[in-house]
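Down below is the structure, laid out as structure tokens.
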Amino acid sequence: METTKTINPATGEQIATYNRISETEAKNKVAKANEVYLTWKHKSFEERAKLMHELANILEENKEEYAQLATKEMGKIIGQSIGEIEKCAKICRYYADNATTLLANENVDTEASKSYVTFQPIGVLLAVMPWNFPFYQVIRFAAPAIMAGNTGVLKHASNVQGCAFALEEAFEKAGFPKGIFTNLNIGSDAVKAVIENKHIKAVTLTGSEPAGRSVASIAGENLKKTVMELGGSDAYIILEDAAIEEATDLATFGRLQNNGQTCIAAKRFVVLDEIYDDFLEKFTEKMKAKKMGEPMDEETFLGPMAREDLRDELHEQVEKSISQGARLVLGGNVPDGKGAYYPATILAEVEPGMEAFDNELFGPVASVIKAKDEQHAIDLANNSSFGLGSGVITGDNERGEKIALQLEAGNSFVNKLVVSDPRLPFGGIKNSGYGRELSSYGIREFTNTKSIWID
Ligand code: NAP
């Protein structure tokens with residue numbers, strides 16, 4: 001029987017082994033999810049909300065335990081793991097309280113005696129999810145989708161299988177009927193058969209570009225809708241009027257949070273020539289000062305990466321960038337000893353055509369890029385195959401807003417790191433994917449937008 005092994009990236013030690021389910025077992029679980037859907041879709045928002053609030057309570061009551069599990073499986077520092085679980089509880093409450101409004105019928109004036117748009121659930125959804133926010137990414141999909149009357153099956157990243165089962169259990173503890181949210185412990189090679197299953201009505205994937213391309217094309221063959229939340233190489237423009245202290249604080253936190261493994265992390269820092277040297281000096285000082293170590297230790301700011309193979313891949317990208325002319329200012333070495341650690345690293349004088357400019361660096365490596373003026377900075381920021389998040393750091397909000405409107409990305413923030421918020425749509429353009437999660441736009445992605453006409 002095939003198994004999934006989870007490994008603590010801080011120590012390299014195995015945590016647990018999970019037996020993968022067979023194709024028939026997966027089929028049975030999807031059939032059960034469909035059976036439950038047939039009654040769940042008729043429940044009122046109030047009935048669904050009661051259970052969603054209960055799920056929020058369960059998450060909060062057990063946040064220490066869930067956070068420790070996440071940290072053990074993927075290396076996030078413990079304080080940030082606790083923050084992740086708290087954010088999940090907030091999202092559950094937000095959709096419990098707001099789904100009625102977000103999905104309210106919309107009356108449309110026509111010649112009919114009555115005509116309106118209504119948003120109905122569509123059935124069982126497949127969610128293919130990544131390890132980097134092992135609880136949050138799942139809840140970001142599940143809370144709105146389930147409040148809308150759908151049910152969900154999850155194919156989680158193999159290295160966070162413990163988190164996947166903990167989530168399934170949390171739904172059951174909250175009182176949701178069995179089958180509303182089901183973990184399928186399958187490998188990525190078994191995803192195709194699940195997408196093809198007649199009960200699966202749509203697929204959402206959060207992960208890398210190659211995984212997105214594969215899943216979207218199988219779903220396309222089967223004419224099933226997809227939402228794709230893929231990678232990014234977010235550019236932050238640091239204008240010459242930015243306060244260096246604040247700009248470098250944001251840059252340091254933005255690049256190192258979640259051990260550098262966040263889709264919307266600040267990855268390319270496009271700095272105007274006038275302040276380039278000052279920015280680089282202060283940024284280097286602050287990145288250097290952050291303590292790397294055991295993720296359970298509260299003093300640690302930078303834990304290990306999630307897996308050794310990902311760390312080795314990142315190191316290769318750093319070496320390639322240096323061989324292409326980038327200047328290594330900090331870090332850039334694989335530390336001796338156990339664990340998937342990689343130090344805070346800065347590459348300067350990064351330019352288009354270099355690995356660090358053209359591709360996503362999914363770890364604690366910052367690329368610093370020099371721009372000769374504002375227009376050049378905008379052009380550099382937009383010179384990317386990705387378009388997820390972006391930012392502008394400036395002393396002038398109006399100027400920042402004008403630039404934000406020109407950035408090719410799904411989210412552009414001024415003087416703040418991009419962050420997902422349940423009240424605002426979240427997603428990307430270009431190779432960062434399509435479709436939206438969160439807000440009215442996200443919750444409606446997996447509904448039938450239906451026109452009703454009464455003559
Ligand atoms: P990944 O390797 O693409 O894995 C994501 C999920 O897809 C996992 O469950 C994985 O399963 C599965 N998978 C991989 N290849 C597949 C295939 N060919 N067919 C079906 N399923 C497949 O990504 P990751 O390393 O977990 O996450 C990092 C990436 O996700 C980064 O690029 C990051 O920017 C992106 N991300 C984007 C967002 C967003 O909101 N836009 C949020 C977070 C992360 P296995 O683990 O079994 O391989």
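Since every read-out is calculated from the coordinates, none of them should be taken as a lab result. Everything quoted here is computed from the prediction, not taken from an experiment. When we count neighbours, we look across all protein chains shown, and the Cβ atoms used for this are built from the backbone with ideal geometry, even at glycine.
Sorted fewest first by neighbouring Cβ atoms within 10 angstrom, 42, 315 come out as 42, 315.
Per residue of the chain, what 222 nm ellipticity follows from adding -39500 (n - 2.57) for every DSSP H run with n ≥ 4, rounded to the nearest 500? Write out the running numbers ahead of the final one.
Details: 15 runs with 190 residues, N = 455.
After summing the helix terms and dividing by residue count, I get -13000 deg cm²/dmol.
Under 5 Å between amide hydrogens, built in the peptide plane, is the criterion, and for residue 225 it picks out 203 among residues at least 5 positions away or on other chains.
Model label sites at residue 47 and residue 241, defined 7 Å from Cα along the beta-carbon direction, differ in position by 5.7 nm. Modelled this way, with points 7 Å down the Cα-to-C-beta line, the labels at residue 189 and residue 289 are 5.0 nm from one another. Any lysines with Cα under 20 Å of the residue 320 Cα? List them, leaving off those in the same chain fewer than 8 positions away. Output for residue 320: 267, 370. Taking a point 7 Å out from the Cα of residue 5 in the direction of its Cβ, the residues of the range 267-308 whose backbone N falls within less than 13 Å of it are 308. Annotation for the range 54-128: GluC sites (Glu not before Pro) lying in DSSP loop with at most 11 further Cβ atoms inside 10 Å of their Cβ are 111.
Approximating the spin labels as points 7 Å out from Cα along Cα→Cβ, the residue 17-to-residue 338 distance works out to 1.9 nm.
Once you have a ≥ b ≥ c as the square roots of the Cα gyration tensor eigenvalues for the range 234-414, tell me rounded if a/c is under 1.5, and otherwise prolate or oblate according to whether a/b is larger than b/c. Prolate.
Would you mind calculating the gained length between residue 416 and residue 217 on full extension (0.36 nm times residue separation, minus the Cα-Cα distance), in nm to one decimal?
Working: separation 199, 0.36 × 199 = 71.64 nm, distance 3.54 nm.
Length gained between residue 416 and residue 217: 68.1 nm.
Computed from the Cβ-Cβ distance with R0 of 56 Å, the FRET efficiency linking residue 327 to residue 114 stands at 0.25.
Restricting to the chain, what percent of DSSP beta bridges are antiparallel, rounded to 5?
Details: 23 of 63 bridges.
Beta bridges within the chain, antiparallel portion: roughly 35 percent.
List the GluC sites (Glu not before Pro) in the range 298-330 that DSSP assigns to loop (not H, G, I, E or B) and whose Cβ has at most 13 other Cβ atoms within 10 Å. Which are they? Show your work: numbers first, answer last.
Numbers: sites: 298, 299, 308, 313, 316, 319; in loops: 298, 299.
Passing both the DSSP loop test and the Cβ count: 298, 299.
Cβ-to-Cβ counts within 10 Å put 351, 229 in ascending order as 351, 229, the fewest first.
Counting other C-beta atoms within 10 Å, which of 199, 156 has the fewest, and how do the rest follow?
With the fewest neighbours first, 199, 156 line up as 199, 156.
Of all beta bridges DSSP finds with both residues in the range 234-414, what is the antiparallel percent, to the nearest 5? Don't skip to the end; give the middle numbers.
Working: 3 of 25 bridges.
Here the share of antiparallel DSSP bridges comes out near 10 percent.
How high is the FRET efficiency between residue 24 and residue 169 when r is their beta carbon distance and R₀ equals 35 Å, given to the nearest 0.05? Spell out each step's value before the answer.
Details: r = 23 Å, r/R0 = 0.66.
With R0 = 35 Å, the Cβ-Cβ based efficiency is 0.90.
Which whole-angstrom value gives the distance between the alpha carbon centres of the range 50-96 and the range 5-48? If you average the Cα positions of each part, the centres end up 18 Å apart. Amide H contacts of residue 360 (H built 1.01 Å from N, in plane; Pro and chain starts excluded): no residue 5 or more places away or on another chain comes under 5 Å. Rounded to the nearest whole angstrom, the semi-axes of the ellipsoid equivalent to the chain, taken from the Cα gyration tensor as √(5λ), stand at 38, 27, 19, largest first.
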